[in-house]
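All remarks here apply to the structure that follows.
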Amino acid sequence: AAASALGGMHYIYAMRGDGREPVRPVPAREQRAALAALTATLSPAALALPTSVLDKLPPRPSGYFQHRELFPRYTGRMFDAVTPAVVAANHTVGSMLNAERAARIVEQHAKDPSLPGLEEVIDQLFDASFGIDPQSPYEAEVNRAVERVVADRLMELAGNAEMSQVRAVASMRLERKQNELAQWAAQDNEADAAHYSLVARDIKRFLERPAEAFAEADAVAAPPGAPIGEPAMNWLGGMEHVCSWRDSWGETWWEW
């Protein structure tokens, strides 16, 4: 619900002369409040599970297999203390970096620079993940998992979005982050150094991937010309007079 405010609009199906405003963007204040609420869910303090909970979760008994009601795990039978954070972060970041939402954010900022742009959204994501100072080794591991989610979802956006400017902005932010992480990889903390080194290499590999250029989607083709309009919607058939009933193929099968 919060993500829908980003690049969102308030709209109604106004009628001529009713004096109502058909379309208006979600105000900048509301969009930035939604952005702050979304990024707050990425905090390792919010995602790390309490020790009192972790100490009560034994491995699953033999014969009790994984099913869809369980979190995925890297740890085999033992409960994974990190993947719930990965799932939660992926839900938030995936909603924020939806390709269509990103396109709306680009266009709203072009029409009204006071509204958030995609650059601002991505920078806020980076600040809420790569800009965090965890308070414990466990929170640090959770935060590294969140950073990985942000990098992966941004690469997905840069590689698959149909709007070229979305891919351009995402790619530029990835390139800047890759250069920054390459320097962070030289720090003394070996866990962080290994993490940032891998993320930097993966981003570099993505940006230099030996693949074909993005193929322009059919969605940019011009709409057909005359005759204008479409066939009636199926549900309109239910409004027909009782003397003419139609089946699902639109063919009259009983007339009085």
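Where only protein heavy atoms count, and the probe is 1.4 Å, what is the accessible area per residue for the stretch 1-142 in Å²?
61 Å²
Give the cross-link partners of Lys111 among the lysines, using a straight C-alpha distance below 30 Å as the criterion and excluding same-chain residues fewer than 8 apart.
Lys177
When N is the residue count of the stretch 51-179, what does its C-alpha Rg come to as a fraction of 2.2 N^0.38 Å?
My calculation over the Cα atoms of the stretch 51-179 gives 1.29.
Binning at 5 angstrom from zero up to the longest distance, how are the C-alpha pair distances of the stretch 1-76 distributed in percent?
Reading the bins upward from 0: 3, 11, 12, 12, 11, 10, 9, 8, 8, 6, 5, 3, 2, 1, 0.
I need the peptides 88-95, 71-78, 174-181 ranked by packing, meaning the mean over residues of other C-beta atoms within 10 angstrom, with the highest value on top.
88-95, 174-181, 71-78
With labels modelled as points extended 7 Å from the Cα through the Cβ direction, what inter-label distance (nm, one decimal) is found for Ala193 paired with Glu208?
2.2 nm
If we sort 132-144, 19-31 on the protection proxy, mean other Cβ atoms within 10 Å, highest first, what's the order?
Packing proxy ranking, top to bottom: 132-144, 19-31.
Tell me the Kirkwood radius of the stretch 101-144: reciprocal of the mean inverse pair distance over distinct alpha-carbon atoms, in Å.
12.0 Å
Quick query: amide H of Met9 versus all other amide H atoms, modeled in the peptide plane; which residues come in under 5 Å with a sequence gap of 5 or more or a different chain?
Val26
Provide the three semi-axes, in whole Å and in decreasing order, of the ellipsoid equivalent to the stretch 103-184 as defined by the square roots of 5 times the Cα gyration tensor eigenvalues.
Ellipsoid semi-axes (Å, largest first): 26, 14, 11.
Given contacts defined as C-alpha pairs under 8 Å and at least six residues apart, what's the relative contact order of the stretch 92-196, whole-number percent?
Answer for the stretch 92-196 is 27 percent.
Taking Cα pairs under 8 Å and at least six residues apart, what relative contact order does the stretch 1-106 come out at, in percent?
Averaging sequence separation for qualifying contacts and normalising by length gives 28 percent for the stretch 1-106.
Suppose the chain between Arg77 and Val23 were pulled fully straight at 0.36 nm per residue; how much longer would it get relative to their current alpha carbon spacing?
Using 0.36 nm per residue and subtracting the Cα-Cα distance, I get 14.2 nm.
The values are calculated or read from the model by the stated rules, or taken from the named source; none is laboratory data. Nothing here was measured: the structure is a model prediction, and the numbers come from that model. Glycine also receives a Cβ, built like all others from the backbone with ideal geometry; neighbour counts cover every protein chain displayed. Calculation scope for accessible area: heavy atoms of the full protein, side chains included, ligands and nucleic acids excluded. Shrake-Rupley method; radii C 1.70, N 1.55, O 1.52, S 1.80 Å.
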